[in-house]
Amino acid sequence: MSDIAQSQEWNLNLIPDLTGKVALVTDTNSHTRIGWNIAHPLALKGAKV
């Protein structure tokens, strides 16, 4: 028996339309690009980031 959760492949269609929403994302200038990798799809879906 495994307690590891099953995950589905992520894609941009899983994010709803965010037009008119504001997203505050920190660490967008980090060398790891974690913040940028979060902010970019949000902006593509219409959020003001």
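Some observations on this one:
- Positions within the stretch 19-46 being over 11 Å from the mean Cα position of the chain (by Cα) and among the aliphatic types (A, V, I, L, M), in sequence order: Val22, Leu24
- Taking the criterion of being among the charged types (D, E, K, R) and surrounded by 10 or more Cβ atoms within 10 Å (Cβ to Cβ), the only residue of the stretch 11-26 that qualifies is Lys21.
- Scan the stretch 27-49 for residues that are free of Cβ contacts under 8 Å to residues at least 12 places away in the same chain and in contact with a helix residue (DSSP H, G or I) (Cβ under 6 Å, 6 or more places away or on another chain) and the total you get is 2.
- Taking the listed residues Thr32, Thr19, the one that is modelled with pLDDT of 90 or more, of a type in the set (S, T, N, Q) and in a loop (DSSP other than H, G, I, E, B) is Thr19, with no other qualifying.
The values are calculated or read from the model by the stated rules, or taken from the named source; none is laboratory data. What you see is a predicted model; the values in this text were computed from it and never measured. Here Cβ is always computed from backbone atoms with ideal geometry, including for glycine, and neighbour counts include all displayed protein chains.
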